[in-house]
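A short reminder: the numbers here are calculations on the coordinates, not readings from a lab. What you see is a predicted model; the values in this text were computed from it and never measured. Methodologically, a virtual Cβ is constructed for each residue, glycine included, from the backbone with ideal geometry; neighbour enumeration extends over all protein chains shown.
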Amino acid sequence: MSTVTIQQSMRQYAEATPELKYTFFGGKGGVGKTVLAGAAAVAFAQMGKRTLLASTNPVHSLSGMLDQDVFGAETPVEGVSNLWAYEIDTKDTIERSKVEIREKIDYFLKFAEIRGRADEFIEAATMNPAFEESAMFENMIDIMFEDKYDLYVFDTAPTANARRLLGMSSVYSLWVNKMMESRQEAQQLRIRLSYSKKTEEEKDPLMDYLLNFQDRMANAKKLLTDPAKTAFFFVTLPEALPIAVVRRFINWFHEFGIPVGGVVVNMVIDKEGIHKDADEFVLNRVAMQDGYMEEIEKQFDSLIRGVLPLFETEIRGVEMLKRTAALLCA
Ligand SMILES: Nc1ncnc2c1ncn2[C@@H]1O[C@H](COP(=O)(O)OP(=O)(O)O)[C@@H](O)[C@H]1O
Ligand SMILES: [Mg+2]
């Protein structure tokens with residue numbers, strides 16, 4: 001196999017970061033994020049950590065990869081002790097989020113004494129393209145805060161990239177601050193306009209919600225930027241585009257202060273298995289790969305945590321994931 005020097009393997013990283021709790025896998029679509037998240041989860045479980053492999057990805061992928069139904073509930077993975085998997089039901093999450101928003105808007109309209117139909121407001125709020133994403137983000141945070149496992153492995157979606165997911169927590173707190181300011185103004189106005197003093201002591205559930213929300217976001221941000229607890233891993237192939245994508249992600253993450261756990265190189269063709277008078281197509285691919293492996297070493301250097309070969313078939317089922325985990329943690 002084309003080789004790169006691995007200064008700190010995945011296993012060594014895990015050992016050097018004993019409090020590691022939240023891990024994520026990012027990279028371009030199709031590079032093997034789900035597979036790597038699965039293999040890492042198996043490896044962590046085998047290290048004795050009670051591990052949850054969760055997918056916030058709207059594409060049904062974990063059940064397919066594990067070859068067992070883990071949709072909609074935290075399910076023990078057959079054949080691997082200490083491992084649970086959970087493919088989050090996107091539709092259900094979004095529906096629940098809509099119901100919550102409706103309650104809040106209804107309350108707000110009543111509070112502000114606006115007679116009107118909440119439906120329009122709800123439509124405006126939930127038509128926002130960021131709505132689904134933030135619903136999924138909140139769901140992820142709920143899972144993190146439940147704190148039922150030693151270690152969480154999140155298989156993140158390729159398009160709704162993880163950076164945006166995290167960037168959102170800063171946007172959220174800006175938004176919440178703004179909301180709270182106008183709540184306070186409104187409250188004061190009410191008190192001034194009111195003849196009785198009782199308004200002052202009136203409970204404000206919307207304010208309570210906002211405070212609670214802000215607290216949750218601040219907490220999430222604290223966890224997600226703590227290098228002792230959190231690590232984002234990136235998957236690349238020995239190809240130009242995936243390398244560029246990972247480079248960009250890493251730069252962004254550094255900018256946001258989000259801990260980067262390292263890079264895994266996937267689908268590397270085993271050179272030893274290739275005869276020198278093999279097909280020209282194959283020889284070309286291998287020569288190209290050598291060039292990109294050099295590039296990967298130059299670009300990512302001490303961040304490289306592992307190299308995985310291109311298998312003869314797709315990676316499916318627990319047995320094959322175990323094989324992958326063993327190679328990842330060799
Ligand atoms: N090292 C590998 N060898 C062979 N097939 C692989 C390898 N890594 C991933 N695959 C296959 O490639 C496809 C894409 O992998 P997947 O993990 O779903 O990518 P992503 O989650 O990044 O979109 C899947 O069919 C998977 O089984
Ligand atoms: Mg995937």
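Among H275, H254, H60, the order by Cβ neighbours within 10 angstrom, fewest to most, reads H275, H254, H60.
Diagonalising the gyration tensor over the Cα atoms of region 203-274 and scaling each eigenvalue by 5 before taking the square root yields semi-axes of 40, 12, 11 Å, largest first.
Counting only lysines at least 8 places from K49 when in the same chain, those with an alpha carbon closer than 25 Å to its own are K21, K33, K148, K221, K222, K229, K322. Inter-part distance, region 98-146 to region 230-291, computed on C-alpha centroids, equals 41 Å. In degrees, nearest 10, range 0 to 90: what is the angle between the Cα axis of helix 240-256 and the longest Cα principal axis of the chain? Helix 240-256 sits at roughly 40 degrees to that axis.
Dipole of the chain computed with +1 at Lys/Arg Cβ and -1 at Asp/Glu Cβ about the Cα centre; of I274, T236, L210, farthest Cα towards the positive end is L210. Principal axis extents of the C-alpha atoms in region 1-91 (largest first, rounded to whole Å): 42, 29, 22. Working note: Cα gyration tensor of region 94-135, eigenvalues times five, square-rooted, sorted largest first, giving semi-axes of 20, 10, 7 Å. What is the angle, in °, between the Cα long axis of helix 130-146 and the longest principal axis of the Cα atoms in the chain? Nearest 10 is fine, range 0 to 90. So the helix axis and the longest Cα principal axis differ by about 80 degrees. I'd like the orientation of helix 118-127 relative to the chain: the angle between its Cα long axis and the longest Cα principal axis, in ° from 0 to 90, rounded to 10. Orientation of helix 118-127: about 20 degrees from the principal axis.
Under the convention that each Lys and Arg Cβ holds +1 and each Asp and Glu Cβ holds -1, the size of the dipole of the chain around its Cα centre is about 900 debye. With unit charges on the beta carbons (Lys and Arg positive, Asp and Glu negative) and the dipole taken about the Cα centre of region 31-97, which residue among G38, G48, I94 sits farthest to the positive side? Positive-end residue among those listed: G48. In terms of other Cβ atoms within 10 Å, T93, T156 run from fewest to most in the order T93, T156.
Separation of region 1-31 and region 34-96, taken as the distance between their Cα centroids, equals 19 angstrom.
Taking every alpha-carbon pair under 8 Å whose residues sit at least 6 apart, region 10-62 reaches a relative contact order of 21 percent. Only helical runs count toward this figure. For the chain, summing -39,500 (n - 2.57) over DSSP H runs of n ≥ 4 and dividing by all residues gives -17500 deg cm²/dmol at 222 nm. The length gained by stretching the chain between D204 and E255 to full extension, at 0.36 nm per residue less their Cα-Cα distance, is 14.6 nm.
Dividing the radius of gyration of the alpha carbons in the chain by their Kirkwood radius gives 1.08 for Rg/Rh.
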